[in-house]
Amino acid sequence: MAKLEARNIGKHFNSVQGGGQSQQQVSAIDNVNLSIEDGQFVCLVGPSGCGKTTFLNILAGLDRPSEGEVVLDGKPVTETGPERVMVFQENALFPWLRVIDNVEFGLMVKGVEKAKRNGIAMQYLEMMQLTKFADAYTYQLSGGMKQRVAIARALAIDPEVLLMDEPFAALDSQTRDLLLVELQLIWARTKKTIVFITHNITESVCLGDKVAVFTKRPGTIKKEVAVDYRRPRLPEDDGLREYQRKVLDELKGEIAAKEL
Ligand SMILES: Nc1ncnc2c1ncn2[C@@H]1O[C@H](COP(=O)(O)OP(=O)(O)OP(=O)(O)O)[C@@H](O)[C@H]1O
């Protein structure tokens, strides 16, 4: 049985036009089907505006589909739950809290007592090589460090599924390359199921067991490219080129040349 399954998901939004004069329905995604195994790393790629974030929000239970259903461990998902945690692109940390308090936050909400949550948070900060920065405020950190704090905060809650919306998009390429390897090591250690949106084809084949390629809006999955290559993978690995080409071939018809 799949860990997480999207069945015929569609989503329409009502968008207001002409200063509120008329309403138009925008179909963001249509008939999206995706089956994700326990512990699998799945990347989602597609043209801008094809509905990837909409789809991830629906997997998280942050939004409801207009059609279809999401099934987690055989049960329909109707709302958010502690077993699924989102990691956003940037600016998702609380700037008024220290790093350690950010990582402890979800545990505090769950009612875990102070000493225990501090121990758990320190363990994840150590995993992310941020122990020295536990007492720093987030404005004192680089972009890459902030994203590592965000990942530590998500892992500290011990979710079964991590839903990551372009978490490395705002990083410089050197930091991103380091985090690509770190994330694979953490994933191997924690055995989480991960769904990861990216615009970057290299990133998608470096991370994913499979890459689901979306069409342009209304987005639907046109192809799943399986990436059967050793880990940890480095973005510059020659063996990943054939998978990059496969993903690119699928994307070509969907994307304006300037986006490639
Ligand atoms: N709350 C909303 N109300 C109206 N339209 C919306 C809403 N959310 C998303 N949309 C529309 O749905 C479509 C898909 O948006 P979405 O953000 O999911 O795409 P995306 O693939 O994640 O885009 P990008 O790659 O640029 O981040 C877009 O046309 C967007 O304008």
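Summary table
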| read-out | value |
| --- | --- |
| Relative contact order (%) - the chain, alpha-carbon pairs under 8 angstrom, separation at least six | 25 |
| Most mobile listed residue (L178, L163, L34) in the chain, GNM with C-alpha springs under 10 Å | L178 |
| Partner aspartates and glutamates for K222 [C-alpha distance under 15 Å; skip if fewer than 8 residues away on the same chain] | D30, D249, E250, E254 |
| R148, R245, R117 arranged by Cβ crowding within 10 Å, fewest neighbours leading | R245, R117, R148 |
| Calculated over the chain: convex hull of Cα atoms, volume per residue (Å³) | 150 |
| Ranked by how many other beta carbons lie within 10 Å on average, peptides 59-69, 131-141, 44-54 from highest | 44-54, 59-69, 131-141 |
| GNM top mover of A150, A226, A212 - the chain, alpha-carbon springs below 10 Å | A226 |
| Angle between the chain longest axis and helix 143-156 axis [Cα atoms, degrees, rounded to 10] | 80 |
| Beta bridges by DSSP in the chain, antiparallel share as percent, to the nearest 5 | 55 |
| Alpha-carbon centroids, the stretch 194-260 and the stretch 35-101: separation in whole Å | 19 |
| Rounded to 10°, Cα long-axis angle of helix 173-190 versus longest principal axis of the chain | 80 |
| Helix-only CD estimate at 222 nm, as mean residue ellipticity for the chain, using -39500 (n - 2.57) per DSSP H run (n ≥ 4) | -10000 deg cm²/dmol |
| Using alpha-carbon coordinates, inclination of helix 114-127 to the longest axis of the chain, degrees | 70 |
| Relative packing of 201-211, 183-193, 72-82, 104-114, which averages over residues the other C-beta atoms within 10 Å, highest first | 201-211, 183-193, 104-114, 72-82 |
| Filter on K11/K146; K191/K252; K132/K210; K146/K191 - keep pairs with C-alpha separation over 29 Å | K11/K146; K191/K252; K132/K210 |
| Two-decimal ratio, the stretch 91-158, of alpha-carbon radius of gyration to 2.2 N^0.38 Å | 0.96 |
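FYI, it's all coordinate maths here, none of it is from the lab. Computed from a predicted structure; not experimentally measured. All Cβ positions, glycine included, derive from the backbone under ideal geometry; neighbour counts span all protein chains shown.
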